[in-house]
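Asker: Here it is, the structure, as structure tokens.
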Amino acid sequence: MGMTMTQKILAAHAGLKEVTKGQLIEANLDLVLGNDITTPVAIREMDKMNTDGVFAKDKIALVMDHFIPNKDIKSAENCKCVREFACKHEIENYFDVGKMGIEHALLPEQGLTVAGDAIIGADSHTCTYGALGAFSTGVGSTDMAAGMATGKAWFKVPGAIKFNIVGKPSQWVSGKDVILHIIGMIGVDGALYKSMEFVGEGIKYLSMDDRFTIANMAIEAGGKNGIFPVDELAIKYMEEHSKRPYTIYEADEDAEYDEEYTIDLSTLKSTVAFPHLPENTKTIDEITEKVYVDQSVIGSCTNGRLDDLRIAAKILEGKKVNDKVRCIIIPATQQIYLQAMEEGLLKIFIEAGAIVSTPTCGPCLGGYMGILAAGERCISTTNRNFVGRMGHVDSEVYLASPAVAAASAITGYITAP
């Protein structure tokens, strides 16, 4: 029986010739990830295990990103806990103020994730690294603790859904529109505990930043992971960012898929997810009444990369943010921040009336740097729009691409770029 990309990676890391859907396996891990919210819990669980230390000090990444710089005493205590743990165990990949970034943008940039890896992270959007042909998935803090101690994790081998990507997207249609279209089509549980495997000739029109965005939001369809085949663009990215060897896995021709869909990029339009689920999607031309917004956020692990900022700057250049809108730009890493500065993007943002934040998850999870009051609306490039996600339970979050978020910041209502 043939295997999917994901199944091949899991088989290799379990030391097995083949695996089948539903099989329970124990797999060796290439990387274990935690952040300033989830790692303190994992540390406490690890303390109960009476272990001698971590399985490999170079295969653990601890990224302070959700409440960094610390917003209050609790967040400061959490970071202190992780900082002391990293020092005690000589964790090589510890990222704090000055070196930090939003974890799922930072780790590929730092070359810590490559094709063929098996990665777990105590953050649901760990599925991002599938853009590079890795198996990566989110876990709870207890599984993270076990992973740090043993370098292993248990998995039930997932089934898969094949998404055949064809066609060429029109201007302003990006990876965010692709994944919002898919989630709107199959629902937030349409890929529950399945691997979302993206293939097809249309992938060549998707940048690496597009692919990271699509893989990032696989979890919003319930997916166990999202994964792309490794092509020349992915290889170029890895060779530019990493010195680690990588392994390319391709699905067998007779691999079994639970479902198959064809996504024609040429037919897609800018798409917005209305409150309070990512599946509540409308194309921009289906929005028949003006939906006024109080805030526009362009950033996060989904859309805070350089391509995203360039798109936003192209739309904002020479324009002004609406007087009734707070526009917040958040570069996802220090390197992205620096490159945006060198390209003059930050000048464009500030002259337009937006603000630029240090890299942080910030408002995405209702942390800080853009909390919403009752009755307020935000157009956001983040990945979730649940009730109260960005602040008050009576606020609303609309998910969109950087192009739509920037255009909406100018007009004051959800607008086509």
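Asker: Here's a check for you: in the range 391-417, which residue that is among the hydrophobic types (A, V, I, L, M, F, W, C), in contact (Cβ under 8 Å) with a residue 40 or more places away in the chain and part of a loop (DSSP other than H, G, I, E, B) is nearest to GLN335 (Cα to Cα)?
Answerer: ALA400
Asker: Continuing with the same structure: Suppose we filter the range 13-32 for residues that are over 20 Å from GLU256 (Cα atoms) and charged (D, E, K, R); how many remain?
Answerer: Adding up the residues that qualify gives 2.
Asker: Does ILE219 satisfy the criteria of being in contact with a Cys (Cβ under 8 Å, 6 or more places away or on another chain), at pLDDT 95 or above and more than 17 Å from GLN7 (Cα to Cα)?
Answerer: yes
Asker: Yes or no: THR262 touching a residue at least 40 places away in the same chain (Cβ under 8 Å) and of a type in the set (Val, Ile, Thr)?
Answerer: The answer is yes for THR262.
Asker: Filtering the range 234-260 down to residues that are farther than 19 Å from PRO158 by Cβ and in a loop (DSSP other than H, G, I, E, B), which residue is least open to solvent (accessible area, probe 1.4 Å)?
Answerer: Per the criteria, the residue is SER242.
Asker: On to the next question. Can you pull out the residues in the range 6-28 that are open to solvent by less than 10 Å² (accessible area, probe 1.4 Å) and of a type in the set (A, V, I, L, M, F, W, C)?
Answerer: ILE9, LEU10, ALA11, VAL19, ILE25, ALA27, listed by residue number.
Asker: Also, quick follow-up: Pull out all pairs, ordered by first then second residue, where Cβ-Cβ is under 6 Å, the residues are six or more apart or on different chains, the first lies in the range 28-45 and is among the β-branched types (Val, Ile, Thr), and the second is surrounded by fewer than 24 Cβ atoms within 10 Å (Cβ to Cβ) and outside any strand (DSSP E or B).
Answerer: ILE37/HIS66; THR38/SER141; VAL41/SER141; ILE43/PHE85
Asker: Which one of ILE161, ILE183, ILE179, ILE119 is open to solvent by less than 10 Å² (accessible area, probe 1.4 Å), outside any strand (DSSP E or B), touching a residue at least 60 places away in the same chain (Cβ under 8 Å) and of a type in the set (A, V, I, L, M)?
Answerer: Unique residue meeting the criteria: ILE183.
The values are calculated or read from the model by the stated rules, or taken from the named source; none is laboratory data. This structure is a prediction, so every number in the text was calculated from the model and none was measured. Because the Cβ atoms are built from the backbone with ideal geometry, glycine has one as well, and the counts that use them run over all protein chains shown. All accessible areas refer to the heavy atoms of the entire protein, side chains included, with ligands and DNA or RNA removed. Shrake-Rupley method; radii C 1.70, N 1.55, O 1.52, S 1.80 Å.
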